[in-house]
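Colleague: Quick one: this structure, given as structure tokens, is what I'll be asking you about.
The values are calculated or read from the model by the stated rules, or taken from the named source; none is laboratory data. Keep in mind that this is a model prediction, so the values were computed, not measured. Positions of Cβ are generated from backbone atoms using ideal geometry, with glycine treated the same way; all protein chains shown enter the neighbour counts. The protein model used for the area step is the full one, side chains on, heavy atoms only, and it has no ligands, DNA or RNA in it. Shrake-Rupley method; radii C 1.70, N 1.55, O 1.52, S 1.80 Å.
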Amino acid sequence: MDKIAHKIVHYLLKYGTISHSDLIVYQYGIHIGLELILCVLFCLLFSVPLGMFWESTLFFVIFFLLRSYVGGIHLPCYYQCFILSVTIHFSILLLTKFCGINSTSITLVGIFIFNLLLAFLKPVENNNREVNEEEKKQFDKIKRKHITYIQLLAIIMFIFNLKRFLILVFYTLLIIILSMILGNVVNKKKNKEK
């Protein structure tokens, strides 16, 4: 990934799209972007044989709507993150397909409870990026808006009896909350070691 990002950045530099002083920032951003794209494409591609492409897409929409604003666990290297992400993604798809909740009403109530938890839980601090109080307030507003959208989407799914999608939303929110809890545990452990 690093070599590809390096080539792209030097291509952009050669044609004057970016300045030399921003080279490292762009290379890092492109590197991270390529890793993310690879993971998402891998998951989407392998969701097709399960007959769950749209469920997979919905998972990523919900996950990305919230993850940037609530945080979660961060692993030290890309390969660990890739393996964990793919494992979680396919576990959620398999749970959705084979271990659904029988009652859509219970699923909708569970989604509502998870959304309430997400609304009031503080985001996981990332040691790599300090966030000031004004940014925290702005992120909280965006987070709450996204939670509202997800809850409205769940209500629509309930009305139209889209049980499988409703169950996927339930499991996705659950994994986001678990990731937040694990992220806080890991951060506390790291802070104790300092």
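Colleague: Could you grab the pairs with beta carbons closer than 9 Å, sequence gap of 6+ or different chains, first residue in the range 183-194 and over 11 Å from Asn126 (Cα atoms), second one modelled with pLDDT of 85 or more?
Modeller: Val185/Ile73
Colleague: Pick from the range 135-194 the residues that are in contact with a helix residue (DSSP H, G or I) (Cβ under 9 Å, 6 or more places away or on another chain) and not in a helix (DSSP H, G or I): which of them is surrounded by the most Cβ atoms within 10 Å (Cβ to Cβ)?
Modeller: Taking the candidates together, the pick is Leu162.
Colleague: Within the range 119-134, restricting attention to residues that are touching a residue at least 60 places away in the same chain (Cβ under 8 Å) and not acidic (Asp, Glu), which residue is most open to solvent (accessible area, probe 1.4 Å)?
Modeller: Only one residue fits best here, namely Asn127.
Colleague: Given (1) surrounded by fewer than 14 Cβ atoms within 10 Å (Cβ to Cβ); (2) in contact (Cβ under 8 Å) with a residue 12 or more places away in the chain; (3) under 20 Å from Phe158 (Cβ atoms), where does Ile113 come up short, assuming only one miss?
Modeller: Failed condition: (2).
Colleague: Taking the range 45-82 as the region of interest, how many residues are open to solvent by 30 Å² or more (accessible area, probe 1.4 Å) and either over 14 Å from the mean Cα position of the chain (by Cα) or closer than 30 Å to Lys14 by Cα (or both)? Outline the logic, then answer.
Modeller: Initially, the range 45-82 is screened for residues open to solvent by 30 Å² or more (accessible area, probe 1.4 Å), giving 45-46, 48-51, 53-54, 57, 61, 63-65, 67-69, 73-82.
Going one step further and asking which of them are either over 14 Å from the mean Cα position of the chain (by Cα) or closer than 30 Å to Lys14 by Cα (or both), we end up with 45-46, 48-51, 53-54, 76-80.
Residues meeting the conditions: 13.
Colleague: Output the qualifying pairs, or none if there are none: Cβ atoms under 7 angstrom, residues six or more apart or on different chains, first residue in the range 7-19 and open to solvent by less than 90 Å² (accessible area, probe 1.4 Å), second residue part of a loop (DSSP other than H, G, I, E, B).
Modeller: Leu12/Ile18
Colleague: Answer yes if at least one residue in the range 23-42 is touching a residue at least 40 places away in the same chain (Cβ under 8 Å), in a helix (DSSP H, G or I) and open to solvent by 40 Å² or more (accessible area, probe 1.4 Å), and no otherwise.
Modeller: Our first condition is that a residue be touching a residue at least 40 places away in the same chain (Cβ under 8 Å); within the range 23-42, this holds for 35, 38-39, 42.
Still in the list and also in a helix (DSSP H, G or I): 35, 38-39, 42.
If we keep only those that are open to solvent by 40 Å² or more (accessible area, probe 1.4 Å) as well, we get 38, 42.
The answer is yes, given that some residue of the range 23-42 is touching a residue at least 40 places away in the same chain (Cβ under 8 Å), in a helix (DSSP H, G or I) and open to solvent by 40 Å² or more (accessible area, probe 1.4 Å).
Colleague: Can you tell me which residue in the range 101-110 is nearest to Ile159 (Cα to Cα), limited to those that are β-branched (Val, Ile, Thr) and open to solvent by less than 50 Å² (accessible area, probe 1.4 Å)?
Modeller: At the first step, the residues of the range 101-110 found to be β-branched (Val, Ile, Thr) are 101, 104, 106-107, 109.
Add one more test, that the residue is open to solvent by less than 50 Å² (accessible area, probe 1.4 Å), and what stays is 101, 104, 107.
Numbers: Ile101: 16, Thr104: 10, Thr107: 13 Å.
Top of the filtered list is Thr104.
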